[in-house]
1. Can you say whether A:L183 is within 14 Å of chain B (Cβ to nearest Cβ) and either within 16 Å of ligand 1 (Cβ to nearest atom) or out of contact with any strand residue (DSSP E or B) (no Cβ under 7 Å at 6 or more places or on another chain) (or both), as far as the supplied structure shows?
2. Would you check which residues across region B:65-100 are at pLDDT below 90 and more than 18 Å from B:F133 (Cβ to Cβ) and list them?
3. Is it the case, given these coordinates, that A:N171 is surrounded by fewer than 22 Cβ atoms within 10 Å (Cβ to Cβ), outside any helix (DSSP H, G or I) and within 16 Å of ligand 2 (Cβ to nearest atom)?
4. If we scan region B:296-312, do we find a residue that is surrounded by 16 or more Cβ atoms within 10 Å (Cβ to Cβ), within 14 Å of chain A (Cβ to nearest Cβ), part of a helix (DSSP H, G or I) and more than 26 Å from the chain's Cα centre (by Cα)?
5. Output the residue which, of all residues in region A:1-43 that are of a type in the set (D, E, K, R) and closer than 18 Å to A:H208 by Cβ, is farthest from ligand 2 (Cβ to nearest atom).
6. Looking at A:I80, A:I104, A:I122, which is the one that is hydrophobic (A, V, I, L, M, F, W, C) and in contact (Cβ under 8 Å) with a residue 40 or more places away in the chain?
7. Can you tell me which residue in region B:396-412 is farthest from the other protein chains (Cβ to nearest Cβ), limited to those that are among the basic types (K, R) and either within 16 Å of ligand 2 (Cβ to nearest atom) or outside any loop (DSSP other than H, G, I, E, B) (or both)?
Amino acid sequence: MLRMQGVSKIYRTKFVETHALEQFSIHAHKGEFIALMGPSGSGKSTFLNVAGLLDEFESGSYWLDGVDVASLGDGQRSRIRNHKIGFIFQSYNLIPELDVFDNIDVPLRYRGLAGPRRKELIEKALTTVGLSGRMQHYPAQLSGGQQQRVAIARALAGGPPLLLADEPTGNLDTEMAEQIMELLAAINADGTTIVMVTHDLDLARRAHRIVHIRDGRSVDEAALAAVARNV
Amino acid sequence: MEIGPILRAMLRNKLGVGLLVVEIAFAVAVVVICLGIVAKNRASMSIPTGLDERNILTIQIQSHGAAFDEASYMRQVIDRDLDTIRAQPGVLDASVMSPWPLQGGGSSTQMKPTGQPDSALVRCPVYRADTHFLATFGLELVEGRAFADSDIPLLPDPADDAPPAPDNVIVTKALADALYPDGALGKQLTGPGGGDTGDTIVGIVRYMYTPYDNGASGMEYRILFYPRKPGSPANLGYMVRAEPGAIDALFTGLEERLEALNRERVVKTVSLMEIKQRGLFLNLIVVRILSTIIGLLLFVTAIGMFGMTSFAVAKRTRQIGVRRALGARKFDIARLFLVENGLIAGAGTLLGLTLAITLNLLILSKSDAVPRVSAGPVLFALALIAVVVFLSTLVPALRAARVPPATASRAA
Ligand SMILES: Nc1ncnc2c1ncn2[C@@H]1O[C@H](COP(=O)(O)OP(=O)(O)O)[C@@H](O)[C@H]1O
Ligand SMILES: [Mg+2]
């Protein structure tokens, strides 16, 4: 589903070059649920940006659902984001002046779907996240957990094969976080590939596999264990 | 298109959107009304005069010698001047007359068909001119004849506008039709309160127009000519028609020739085009001032639109990133802001047009100082507003389109 081989991403400012990803490799199979863990500043968000086609990368190769995305133009990248990727952000990122219905509608409209079809998808997604009764609410009228569930509904309404989540429970208390994790597990069980960034080991353990990242490099668990022994 | 959600989102910000709508409405109303007035003034500036105005120059003479006070001497001077002028190479014809046509005003009177009550009076500008004026102006006679020497009273009357003896007069077709719709040649006309005697119409000119009180009394085409050789020591006026291309050489040449004839005079030549410019001065000023107001207003509207949109783009940078992440192309982002402002401009325009038409009808019900709102200026105003809104939105909208998608994932 998602395969990166030796991907490097450098942030350049006037005075510094930050190698946010360096020779980073990862392979997420169809239907997999991967947790990406690493200390702050290790490149987790950078990875999600590159994986989600929100940002470009310098070198290496990246296939998404069998497509080499390195050479695509902005329009095609937008189209792939719209059709194949659902994003879940730590800070929900709902559009404040749109109600729940219109928020979930945003990616569906960009896909050019007809009104009745969009309505059907929105209602289905809201049922999945258990917020059918909140269609007309505005984000400010919802709790953090509810907002994140709306964001999840927005991410999955169009049925993308890949969900990318950046600390989706980072702003939530344990109970809310638990609900979100159950939701993600259920969505994954329906066949959606999920890559979730977290630094909560308890949550990460619920994934099929944990990938560690440090200083922009992927570290497999065996190597990590070896490092730990040497300390 | 995503008009539904855009509208719903805008209604959440009633104050901000409302202010913009009102700004646009105000701009539209003022531009529509001003453009109407500009159009009217421009139109009256381009009305043909019927005169061969590009080839006509005017000569104004002020005399100082005591002998000029005598009418018979004055008469001699005029005849000699005119003979001299007509003898100049490049001169087609010359005429003594008063006042100048096309200067925007002059002198006017009221006339009615002789024998009719005063309710039949029609206002008209009056000129006093000699036997050569038709040829000098380049006017075309449709009926009757030009003035003959015998039409001109021997001595100029001291009270010129109220001639004691009946005259033979020439009128424009417009005045003829106003007085006698069934044919005016040979008929008589009389001033206010006049009895059974009147002046006889001996010639009818096809067309002439002279700007007068901005068209308020509607008499600019209804013109009356009396046979006279007007002239006083203070003011003596000739009009000279030059052969095409010959006018430039005549200005100084004629001044010198006429001053040489008699040293006790000041001779000044001015082209009829310049006189006409003075006549249209008010129209020109109105056009200039209102055009400036329209320009400034559109500029302010553009600045306002640009500022509000730039502010909205800055405030919604994150949302733009989120939309990009959710699949919006750059075009979709730019379109979002263009549609938003398009809707605002649409609402403002509707409101502004309503305002302009209401205001217009209100003013028209009290006076006819302003032209009725008409399709031409309205369409032009709408096009102007559309261009202003589009351009002032386009710049921030394109900036919005360049917001990187990764903005969505930056820490809040
Ligand atoms: N837009 C950016 N410009 C410059 N440096 C950046 C930018 N985004 C991230 N970085 C740097 O890249 C490194 C990785 O950041 P990030 O991927 O956000 O880490 P994480 O999400 O794991 O905390 C950090 O050193 C960070 O400072
Ligand atoms: Mg991060």
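The values are calculated or read from the model by the stated rules, or taken from the named source; none is laboratory data. Quantities reported herein were computed from a predicted structural model and do not represent experimental measurements. Cβ coordinates were reconstructed from backbone atoms using ideal geometry, including for glycine residues, and neighbour counts include every protein chain displayed.
1. So A:L183 does not fit the description; no.
2. Within region B:65-100, B:G65, B:A66, B:A67, B:F68, B:D69, B:E70, B:A71, B:S72, B:Y73, B:M74, B:Q76, B:V77 qualify.
3. Yes, satisfied.
4. So far as region B:296-312 goes, yes, one or more of its residues are surrounded by 16 or more Cβ atoms within 10 Å (Cβ to Cβ), within 14 Å of chain A (Cβ to nearest Cβ), part of a helix (DSSP H, G or I) and more than 26 Å from the chain's Cα centre (by Cα).
5. A:K30
6. Unique residue meeting the criteria: A:I104.
7. B:R399
Rundown of residues vs (1) at pLDDT below 95; (2) more than 8 Å from ligand 1 (Cβ to nearest atom), yes/no style:
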{"residue": "A:M1", "(1), (2)": "yes, yes"}
{"residue": "A:A35", "(1), (2)": "no, yes"}
{"residue": "A:G38", "(1), (2)": "yes, no"}
{"residue": "A:S42", "(1), (2)": "yes, no"}
{"residue": "A:S45", "(1), (2)": "yes, no"}
{"residue": "A:N49", "(1), (2)": "no, no"}
{"residue": "A:L54", "(1), (2)": "no, yes"}
{"residue": "A:A70", "(1), (2)": "yes, yes"}
{"residue": "A:G75", "(1), (2)": "no, yes"}
